[in-house]
1. Could you tell me how many of the residues in segment 44-56 are outside any loop (DSSP other than H, G, I, E, B) and touching a helix residue (DSSP H, G or I) at 6+ places or on another chain (Cβ under 7 Å)?
2. Is there a residue in segment 82-95 that is modelled with pLDDT of 85 or more, touching a helix residue (DSSP H, G or I) at 6+ places or on another chain (Cβ under 6 Å) and either more than 22 Å from ASP16 (Cα to Cα) or part of a loop (DSSP other than H, G, I, E, B) (or both)?
3. Can you pull out every residue in segment 41-77 that is among the charged types (D, E, K, R) and more than 13 Å from GLY7 (Cβ to Cβ)?
4. Which of the residues belonging to segment 28-43 are surrounded by fewer than 17 Cβ atoms within 10 Å (Cβ to Cβ) and either touching a residue at least 60 places away in the same chain (Cβ under 8 Å) or in a helix (DSSP H, G or I) (or both)?
5. Which one is surrounded by the fewest Cβ atoms within 10 Å (Cβ to Cβ), of the residues in segment 44-75 that are on the phi > 0 side of the Ramachandran plot and without any contact (Cβ under 8 Å) to a residue 40 or more places away in the chain?
Amino acid sequence: MSHVEVGQLVFDSRHDPGLEEAWRADPDAVMERYGFTDEEREAIRAKNIQFFYELGVNPYLIGRVGQLMGLGQTEVRAALADAAPHPLLPTVWFPGPARNGDYLIRQNG
């Protein structure tokens, strides 16, 4: 599995209330349907949000992954406090408007 399938589960759960109900009733069946590996299933059971961040799940979706795990926003932020830079997204720095009104963007890597 990859960050794409996790993203798809998150997207589907936002648009299909029945999926969220199915998740609450039997998360293992939903994980099976989406092709989660044993390692990913264990990360869900352990509420290891950092695992999914490091897998490359879009940071905007990480909060929803945390909700599915039963975590609140504060818990998700705390879990990511010491995370390494996201593996798939550049580090973006917005110091303020440049001369022409555009924002300066610096990519590390």
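1. Taking segment 44-56 first, the residues outside any loop (DSSP other than H, G, I, E, B) are 44-45, 49-55.
Checking which are touching a helix residue (DSSP H, G or I) at 6+ places or on another chain (Cβ under 7 Å) leaves us with 44, 49-53, 55.
Selection size over segment 44-56: 7.
2. So far as segment 82-95 goes, no, none of its residues is modelled with pLDDT of 85 or more, touching a helix residue (DSSP H, G or I) at 6+ places or on another chain (Cβ under 6 Å) and either more than 22 Å from ASP16 (Cα to Cα) or part of a loop (DSSP other than H, G, I, E, B) (or both).
3. The first filter runs over segment 41-77 and keeps only residues among the charged types (D, E, K, R), leaving 41-42, 45, 47, 54, 64, 75, 77.
Those that are among the charged types (D, E, K, R) and more than 13 Å from GLY7 (Cβ to Cβ): ARG41, GLU42, ARG45, LYS47, GLU54, GLU75, ARG77.
4. If we filter segment 28-43 for residues that are surrounded by fewer than 17 Cβ atoms within 10 Å (Cβ to Cβ), which is where we start, we get 28-29, 32-35, 37-39, 41-42.
ASP28, ALA29, GLU32, ARG33, TYR34, ASP38, GLU39, ARG41, GLU42 - these are the residues of segment 28-43 that are surrounded by fewer than 17 Cβ atoms within 10 Å (Cβ to Cβ) and either touching a residue at least 60 places away in the same chain (Cβ under 8 Å) or in a helix (DSSP H, G or I) (or both).
5. Going residue by residue through segment 44-75, those that are on the phi > 0 side of the Ramachandran plot are 47, 56, 70.
Of the ones still in play, those that are also without any contact (Cβ under 8 Å) to a residue 40 or more places away in the chain are 47, 70.
Values: LYS47: 14, GLY70: 11.
Once the filter is applied, the top-ranked residue is GLY70.
The values are calculated or read from the model by the stated rules, or taken from the named source; none is laboratory data. Nothing here was measured: the structure is a model prediction, and the numbers come from that model. Here the Cβ is made from the backbone with ideal geometry for all residues, glycine too, and neighbour counts use every protein chain on show.
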